[in-house]
1. Report, for the stretch 164-258, the % of DSSP beta bridges that are antiparallel, rounded to 5.
2. Can you give the extra length, in nm with one decimal, that the chain gains between Ala30 and Glu243 once fully stretched, where that is 0.36 nm per residue apart less the Cα-Cα distance?
3. Report the FRET efficiency, 1/(1 + (r/R0)^6), for Glu132 and Ala203, where r is their Cβ-Cβ distance and R0 is 30 Å, rounded to 0.05.
4. Based on the alpha-carbon gyration tensor of the chain and its eigenvalue square roots a ≥ b ≥ c, which shape applies: rounded if a/c is under 1.5, prolate if not and a/b is larger than b/c, or oblate?
5. What shape does the stretch 1-98 have by the C-alpha gyration tensor, where a ≥ b ≥ c are the square roots of the eigenvalues, rounded means a/c under 1.5, and otherwise prolate means a/b greater than b/c and oblate the rest?
6. So, counting K/R as plus one and D/E as minus one, what does the shell of residues with Cβ under 12 Å around Gly81 add up to?
7. For the chain, what relative contact order do you get, as a whole percent, if you take Cα pairs closer than 8 Å and at least 6 residues apart?
8. Taking the DSSP beta bridges in the chain as the whole, what percent of them are antiparallel, to the nearest 5?
Amino acid sequence: MTTPLLDARGLVVRFGGVTALDGLDLTVDAGETVGLIGPNGSGKTTFFNALTGFVRLAAGRAQLAGSDITGLDPRRIAAHGIARTFQRLRLLLELSVFDNLMLGQHLVLDHGPWSNLFARGRFTAEVRRQAEAARALLAAFSPGLPARLFEPARALTMIDRRRVEICRALIRDPALLLLDEPSAGMTPDETAELMTDLLAVKAQRPALTVVIIEHDMAVIERVSDRCVVLDYGRKLAEGPYAEVAADPVVRRAYLGED
């Protein structure tokens, strides 16, 4: 039997008297794309926060590729190969696209103080190498983005900002990518375009494992191999999208009878 890339067992997170995760078990195989859905407050983002060390587990454990990551701080968890985005865009808009991407490299760049790497007029061979890698990654999402590598992130449209944020998460070639509502703030057309990009990148990186939180069911249906539904911090259902969407329990709890 193949060992899953992610193996989370019995996860419990409490905020005072509120139990946000209630004994959640969830496994994800290498190369799989899992859609995570459920009502607001069902524990989806809390699950991401627990996996990445932003909130403390009251109980349970999590393993990535067989290594126990339970209780580690976010930097050490990232070093194990987990990267994520957030619901609210977290780019530094006054910095360039390149600077924002390089923030995703903070665990592997070892070239002295930040000033040595980014100081004006000191465009070293290492920075050139990183710039070419950044251009290649951006090109996988949008042909026009590499030319804007040294423009401020503020100058980008919302969809391009989202692309840069996902690229920042991918810059270190993580094993597991967690996407928290990547379509937030975008139009339906922009959402469809971004999902096309994501599928193209996934095709180029078949080993990349993705868990995506979304309220747009068209996105979940299009990109996920398997769908997991949470409600009140517990797993309500899981399986192929069509099967889960037809489940009367899921319809009553989240999707609606129509």
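1. Counting DSSP beta bridges with both partners in the stretch 164-258, the antiparallel share is about 50 percent.
2. Taking Ala30 through Glu243 to full extension adds about 74.5 nm, to one decimal.
3. 0.85
4. Taking the square roots of the gyration eigenvalues as a ≥ b ≥ c, the chain is prolate.
5. Verdict is oblate for the stretch 1-98.
6. In short, +2.
7. Relative CO of the chain lands at 28 percent.
8. Percentage antiparallel, nearest 5: 55.
Here, each number is a calculation from the coordinates, and none is a lab measurement. The structure presented is a predicted model; accordingly, all values stated were derived computationally and were not measured. Reconstructed Cβ throughout: ideal geometry from the backbone, glycine too, with neighbour counts over all protein chains shown.
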